Every structure is written in structure tokens, then in C-alpha cells.
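What follows is calculated from the coordinates using simple rules that are stated; it is not laboratory data. Please read these numbers as outputs of a predicted model, since none were measured by experiment. Counting neighbours? That spans all protein chains shown, and the Cβs are built from the backbone with ideal geometry, glycine included.
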Ligand code: GDP
Ligand code: MN
């Protein structure tokens, strides 16, 4: 789960990381009142889960109530790269001397945590990495040992920050490591981590991704739910426990396994079509899961054909085929379906499907044939 900036900052504050005083506001009046309490000058900040808000005009400085109202009016409802602003964060403005970058995430290949720190903050770290690899100081942390103060100091010294703030930066970064590990995060990022003109180290932005697998031990995460409007298709899929990502094509895709689901999207592209979604139903492919998947796809008005791509493994071909047939009985499907069934007992599975075939339901033995058939049907349906 991704947090909004203000939620990330509230989490940071609990671990002692310095953040500016601020308040959320959903309406212009509330923004002005919040600004009075926070103290001018304030920064009016769009709360959307997408970067580059500053560049998009979603972050504005206000010196008084009238300016706050003006900016709040402009920013509320603004569309920032597909995210509509429903909430603002009003915080006391900081005087910035330096903008740095700091983050922790998991380096899966190293099987260790990775901290990244750069004196070139404020801009996207990918750009920094591209132009100057050495501008980023990295530290690998063995999760068993944790981040020692000495290792943290060496990391900070490697980043060539203002030497006057070394001690404070070490403090903040040790706390950030605590947020990341004790807080069960997949990612914590501060960009920019600033030094104020009076020499304080301070988080000016917050990007936090919580590890959903740790949900069971964090009842307090309930407060972070909601607000951001999910794609309605993604919301429905999430409620059904499906791995779904909405895309903008018209071929609905159902596959078992994330790799196969991605390959299915690829091959739809390859033969000239566009997938409406990525959907991984997992290994089981039971009738109920298949019915759930078909329901989600069926509720997407842009879907013109459905491509079911299943590779039988532990779940045998005939079980998959029976699952599909049962699911078709449960859901009234609007679009033609093309099925590619392979793997364990594929022959038996195809034999079962055969007796249900029609111009609305066809089975193809290979991925590419099935993709072509699905794309063709999507095209002829428009
Ligand atoms: P992002 O664009 O979504 O990453 O939003 P940020 O919160 O990182 O803000 C973008 C930029 O706005 C920062 O890099 C700062 O340059 C500027 N900014 C944000 N807050 C303040 C503030 O309190 N004072 C000043 N002077 N600039 C700020
Ligand atoms: Mn930022």
C-alpha cells in the first residue's frame, strides 16, 4: 500500500524524523483555516500518489489566507498525471539551503536492504543515476545485523553532504531505517531531505510503500486506507483477491501466474492488439477463481474479447476446463472468449472445452493462435 505524503510524514514523525508542522484539508475553507493555525508562509501541497507534483503546479507557496485560498481552489480537483487531487496538505514553509535525496528499499539480488543517499536531491533520482552514477552513495545493510551508526556515518560521508550536518543526517537516516524495518515498509524515500538555512535536517517530502504482507501485525494501518480513487476495475479485483492491473486496450486477459499473464499481454501486442488488463489468477484456476476473474473482465466496458491463457501444472487440464465451463455457467459473459489451454493433461482439458465450443467460445492450441483469434474478435466487435 502506498501512502500519501502527509501520511508518510505522520509516520516519520512517530519515529522522530523532523517534518514541518502541517494539516490536511479537503476544502478551500479548511485550507485557509489550517494555514492560520500552521503559520504563514505555508506550502499548499496536492496529495496524490504520483511524483512531480511540483512541476505539475500542485505545490504552491502562500504568504497569507487569500493566497492560500487561491492556491487551494486551483489545486483541488486538479488532474496530476491521471490522479485527481481530493486532499491538500498545508504545511509551514521551510527556507531551504540544500536539497538531498535519501531512501531505503530492498535489493532483492543482494538479499540485503539498500540505502541510497545523494547530495543532488529534489529532482528524480533516476535522472541523477543516469547522469552521474557516483552522485549516489549506497549502503547495503544485512537485515540481521541492521544499520550500525558507524556504517551509517560512512554512508553519509560518501554522499558528500554539507559536513556541518553529518551528525544530524546520521540521526535522521538511522530513524528512517527504523521506519523502514520496524514499520514494515517496502520503500521509504525522502526527496528532498533538506538542510534549512538555519542548519536543520528535515524531511520535506515523504514517499512510503507499506508491505501488504505485514498487514496482520499493523491494525493501525487502517487509518491509511481510502481516499485515492482506485480504478473501479482494480478495486473490484482487489476485493476478490485477484492480481489485476487495468490497461487501456480491449482484449481482456486472464492467465495463471504473473509471468504468463505478462507474456499474454506481450503476445496480444505482438499480434497487433491491446490488452485491457493484466490479470493473474494464481496457480489454482478453480471454478470460483475463474468465475471471479471473468466477472471483473466482464464488467469492464472496454473489453471486446477475452483471452484465457492457462498452463496446467499441479492443477490438471481437465480441472481447469471444468472450472472454465462452470464459471461460464455462473457469469453471463458479454464478449467472445478464446482459450489456450496447455500443460498437464491439456488434451483432456481441450476435449472438455470442445463440447462447449461455439462462435462465442473457441479453443486454440498455441498462444499465438489464441492471441490472433482474440485480437481479431476484439477488432470485429468495435
Ligand atoms: P514532488 O514534486 O511531488 O516531489 O513534491 P515535493 O514535496 O518534493 O516538492 C517539490 C519541490 O517544491 C521541492 O523540491 C522544493 O523545491 C519545493 N518545496 C516544497 N516545499 C517547500 C518549502 O517549504 N519551501 C520551499 N522553499 N520550497 C518548497
Ligand atoms: Mn519530492
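Sequence gap at least 6, Cα distance under 8 Å: using those rules, report the relative contact order of the range 231-382 to the nearest whole percent.
Once normalised by length, the contact order is 24 percent.
Once Rh is set to the Kirkwood radius over Cα pairs, what Stokes-Einstein translational diffusion coefficient, in µm²/s, holds for the range 239-282 at a temperature of 4 °C and a viscosity of 1.567 mPa s? Spell out each step's value before the answer.
Numbers: Rh = 10.1 Å.
The diffusion coefficient I find is 128 µm²/s.
On average, how much area does the Cα convex hull of the range 60-120 cover when viewed from any direction, in nm²?
6.8
Quick one: Kirkwood hydrodynamic radius for the range 232-308, alpha-carbon pairs, angstrom, one decimal?
Details: mean 1/r = 0.0838 Å⁻¹.
It is 11.9 Å.
For the chain, what relative contact order do you get, as a whole percent, if you take Cα pairs closer than 8 Å and at least 6 residues apart? Can you show the working numbers first?
Values: 792 pairs, mean separation 47.1, N = 382.
Normalised by residue count, the contact order of the chain is 12 percent.
What whole number of Å gives the distance from the Cα centroid of the range 90-111 to the Cα centroid of the range 309-382?
Each part reduced to its Cα centre gives a spacing of 48 Å.
Can you tell me the mean projection area, over all orientations, of the convex hull of the range 1-55's alpha carbons? Units nm², please. All intermediate terms of the calculation are to be shown ahead of the outcome.
On the way: hull surface 18.5 nm².
Taking a quarter of the hull surface, the average projection is 4.6 nm².
Write down, largest first, the equivalent ellipsoid semi-axes of the range 126-197 in whole Å, where each equals the square root of 5 times an eigenvalue of the alpha-carbon gyration tensor. All intermediate terms of the calculation are to be shown ahead of the outcome.
Details: eigenvalues 77, 50, 36 Å².
Semi-axes (√(5λ), whole Å): 20, 16, 13.
More than 26 angstrom separation, counting every C-alpha pair in the range 232-381; what % is that?
11
Using only the alpha-carbon atoms of the range 21-92, report the extent along each of the three principal axes, biggest first, to the nearest angstrom.
31, 18, 18
Cα convex hull of the chain: how many Å³ per residue?
Values: hull volume 61.9 nm³, N = 382.
With only Cα atoms used, the chain gives 162 Å³ per residue.
Please state, to two decimals, what the Cα-based radius of gyration of the range 96-223 comes to when divided by 2.2 N^0.38 Å (N = residues).
Rounded to two decimals, the normalised Rg is 1.04.
Just order 193-199, 122-128 by mean Cβ neighbour count inside 10 Å, highest at the front, would you?
193-199, 122-128
Principal axis lengths of the range 1-140 from Cα atoms, whole Å, largest first?
50, 33, 30
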